[in-house]
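All remarks here apply to the structure that follows.
The values are calculated or read from the model by the stated rules, or taken from the named source; none is laboratory data. Here the structure is a predicted model, which is why all the values come from computation and not from measurement. Don't worry about glycine lacking a Cβ; one is built from the backbone with ideal geometry, like all the others, and counts go over all protein chains shown.
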Amino acid sequence: MAKVLHILDVAGVPSILSYYYNKLKKGKSNLIYHEKKSFSSSISRFYHGKSFRKYKMLLIKGFFNSFHYEIIHIHRAEVLVPLFKLSGKKVVLHYHGSDINEKNRSQNKMRVFCRSMADLIIYNGKKMEPYIITNKPVKKVFLPNPVDTEHFCLKDNKKRNGKLIFVSNNLDKNKTIEVATNLGQVDVIDLDKQQIPYSNMPELLSKYEVYIDVKIMPWGYTLPDMSTTALQALACGCKVYHDGKIIEKLPKEFEPINVINKLDKYYQDILKN
């Protein structure tokens, strides 16, 4: 049974990984994150992650706490890999989308050097691997985003109406909204202006018939994988428009038990080496 410390949160995915790793009794898992006025932080609070308002304090506390764990699971911030390698622990680096798909970040020499020190690199998009450039062989594996199917589930059979899309400042908002509105009348929620409590998300998603899953990045790249919100919408019984298709059911690969079983296998493999 592995002891795992997650560093930072991205769209709540690390929080859910840590929560279900404990719930399914695979081992011990905790998360520390940088407290900000963001949707990710609200999810981290929901799952009782440990917050730090100052990034410097997070690094100091995280480093000294790392000696109590076997694996340090870093999300997005490859520049932290060398620091946590100093503790002599296994370090997992996890990419979540825009943090590696951008060419300038993917090919940055300093970032290449840092990510090359990881014991394992996880990515959540099936087309992301070519962007994960290293200067020495590092094992890279795919892990789907988990959905908290306890929190996001079909709770009623009320009639659903309308279409919904979320946008935020990591996207090209204008182009994303333009594509969405070409599909007809759609309600747009800008998460930079209107924060939706994570506890209220299932109720909100359950009101709509279709969630529009379009994400166009500022450099023109359209994310090919379903977003976390789209997966949550499916779990709530909402249909999802993605990549020109309507999807009606949450694929089993995103159910937490399947994701956690795969993640634990990855952990056990690096602990053996």
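Here are some notes:
- Restricting the range 107-130 to residues that are surrounded by fewer than 16 Cβ atoms within 10 Å (Cβ to Cβ) and of a type in the set (D, E, K, R) leaves a set whose member that is nearest to residue 146 (Cα to Cα) is 126.
- Unmet requirement for residue 237, which otherwise passes all of (1) in the same structural domain as residue 179 (by TED's automatic domain parsing); (2) modelled with pLDDT of 95 or more: (2)
- Looking only at the range 154-168, and only at residues there that are surrounded by fewer than 15 Cβ atoms within 10 Å (Cβ to Cβ) and at pLDDT 80 or above, the one that is farthest from residue 184 (Cα to Cα): 154
- The set of residues in the range 1-12 that are over 12 Å from residue 70 (Cβ atoms) and surrounded by fewer than 24 Cβ atoms within 10 Å (Cβ to Cβ) comprises 8, 10, 11.
- Screening 181, 176, 222 for residues that are surrounded by 19 or more Cβ atoms within 10 Å (Cβ to Cβ), modelled with pLDDT under 95 and hydroxyl-bearing (Ser, Thr, Tyr) leaves exactly one candidate, 176.
- Search result, residues across the range 1-33 that are over 15 Å from the mean Cα position of the chain (by Cα) and closer than 19 Å to residue 84 by Cα: 2, 3, 4, 5, 28, 29, 30
- Against the test of being farther than 30 Å from residue 267 by Cα, outside any helix (DSSP H, G or I) and out of contact with any Ser or Thr (no Cβ under 9 Å at 6 or more places or on another chain), the options 204, 154, 183 yield a single qualifying residue, 183.
- Residue list for the range 81-106, restricted to those being buried (at least 16 other Cβ atoms within 10 Å of the Cβ) and out of contact with any helix residue (DSSP H, G or I) (no Cβ under 9 Å at 6 or more places or on another chain): 85, 97
- Hey, residue 196 modelled with pLDDT under 90, in a helix (DSSP H, G or I), of a type in the set (A, V, I, L, M) and not assigned by TED's automatic domain parsing to the domain that holds residue 122 or not: no
- Search result, residues across the range 22-60 that are in a helix (DSSP H, G or I) and touching a helix residue (DSSP H, G or I) at 6+ places or on another chain (Cβ under 6 Å): 42, 43, 44, 46
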